[in-house]
Amino acid sequence: MQVFAMLLLIVGLVFSQPRLIIENPWVREVPPVSTMSAAFFTLKNVGNEDDYLVGVESTVSETAEIHTTVMEDGMMKMRPLKEVKVPAGGSVEFKPMGNHVMLINLKKPLKAGDKVDIVLIFRKSGKVNVSAPVKSMGMKMHHR
């Protein structure tokens, strides 16, 4: 009887946990002189318990932070976030001009086609490794 109760408890814990899927990760290509870039993706929680993104790490930058973009006094400004809620059964998009991961003080230039390893840190799910391709934004320099 105790074994059966323990199995029910374990099954209940497994199915009540957040289950996260990271979709379409990518990092913005920046000019070689730039010291910052940003990472974007969609977080999906297919579990039935909320989770929170509380931190980020990457080996390509000295610092990685969760940021959002806000309109303040008629200007777009970036602000750090302590956490981002990923609701049970819901999703959160990290996109340009919205929530994103800032990669600050890049250790090397990021070129289109490179891969960037990022660790997303969640309150309940712990660390989740993501490999994100660097993508060009299609910006070209024109000389006259």
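Laid out as a table, the results:
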item: Hits in segment 17-56 - residues which are within 13 Å of residue 107 (Cβ to Cβ) and either in a strand (DSSP E or B) or out of contact with any strand residue (DSSP E or B) (no Cβ under 8 Å at 6 or more places or on another chain) (or both); result: 32, 36, 37
item: Selection count, segment 128-137, where residues are in contact (Cβ under 8 Å) with a residue 24 or more places away in the chain and either surrounded by fewer than 13 Cβ atoms within 10 Å (Cβ to Cβ) or more than 14 Å from residue 41 (Cα to Cα) (or both); result: 3
item: Residues (over 12 Å from the mean Cα position of the chain (by Cα) and either among the aliphatic types (A, V, I, L, M) or buried (at least 16 other Cβ atoms within 10 Å of the Cβ) (or both)) located in segment 84-108; result: 88, 97, 104, 106
item: Residue ranges of strands (runs of 3 or more DSSP E) in segment 94-137 with at least 3 members among the small types (Gly, Ala, Ser); result: 126-135
item: Answer residue from segment 61-83, given it is touching a residue at least 40 places away in the same chain (Cβ under 8 Å), within 16 Å of the chain's Cα centre (by Cα) and assigned to a strand (DSSP E or B) and is surrounded by the most Cβ atoms within 10 Å (Cβ to Cβ) among those; result: 61
item: Per-region count, segment 84-103, residues without any contact (Cβ under 8 Å) to a residue 60 or more places away in the chain and within 11 Å of residue 54 (Cα to Cα); result: 2
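Coordinate-derived values only; no laboratory data. Every value quoted in this text rests on a predicted model; they were computed, and no experiment measured them. Because the Cβ atoms are built from the backbone with ideal geometry, glycine has one as well, and the counts that use them run over all protein chains shown.
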